[in-house]
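The values are calculated or read from the model by the stated rules, or taken from the named source; none is laboratory data. A quick note: this is a predicted structure, and the numbers were derived from the prediction, not measured. Neighbour counts are summed over all protein chains in view; Cβ atoms, including those assigned to glycine, are modelled from backbone coordinates with ideal geometry.
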Amino acid sequence: MFHATTILAYKGSDKAVIGGDGQVTFGDTVLKSNATKIRTLHHGEILGGFAGSTADAFNLFEMFEGILNEKKGDLFRSVIEFSKIWRKDKHLRQLEAMMIVLNKEHIFILSGTGDVVEPQDGMIAAIGSGGNYAISAARALEKHSDLPAEDLVRESLEIAGDLCIYTNKNIKILELD
């Protein structure tokens, strides 16, 4: 696992939420603490988050947005096409990067090795250095509390920020109702 960030996505019965911390590091130095690593895509119908190099994020999000437009917002068909392109491109496949994309129906983790993973529970996915901390917290909170989706994501990312040195507590959240 590369040292990056923490992105957590949650798809509840009535809402899809994604959150990410704001820390950008270069080696063991914090370059920025308030970066935005999540965004809405395809007319606000899809959410996406990125862990990896900032420059790579812009290129991959732009490429994915183009595919979404081609596929008329069909997330499933778009992630399959995107993974083929990402995996086949000699330079893109070398990126230490991952993405999460979701809408109200699906949630996927994407990587340059061609991975298109829909979480087993279909509800919670996390990537980045603090991803395992965030997903553990989210699963526990989902099971043992009645927190609204946005609060569940925020609280889980704060827990990850307490544990992961590549994750801070400058958290941004986006949601689809």
When every residue in region 118-151 that is part of a helix (DSSP H, G or I) and of a type in the set (A, V, I, L, M, F, W, C) is compared, the one surrounded by the fewest Cβ atoms within 10 Å (Cβ to Cβ) is Ala140
The condition of being farther than 21 Å from Ala138 by Cβ, in contact with an Asp or Glu (Cβ under 7 Å, 6 or more places away or on another chain) and of a type in the set (Gly, Ala, Ser) holds, among Ala97, Ala57, Ala35, only for Ala97
Condition set of a type in the set (Val, Ile, Thr), over 15 Å from the mean Cα position of the chain (by Cα) and assigned to a helix (DSSP H, G or I), scope region 29-82, selection surrounded by the most Cβ atoms within 10 Å (Cβ to Cβ): answer is Ile67
Just one listed residue, out of Glu175, Glu155, is touching a helix residue (DSSP H, G or I) at 6+ places or on another chain (Cβ under 8 Å), modelled with pLDDT of 95 or more, under 27 Å from Arg77 (Cβ atoms) and not aliphatic (A, V, I, L, M), and it is Glu175
### Task
Inspect all residues belonging to region 74-95 and state whether any of them is among the hydrophobic types (A, V, I, L, M, F, W, C) and closer than 16 Å to Gly12 by Cβ.
no
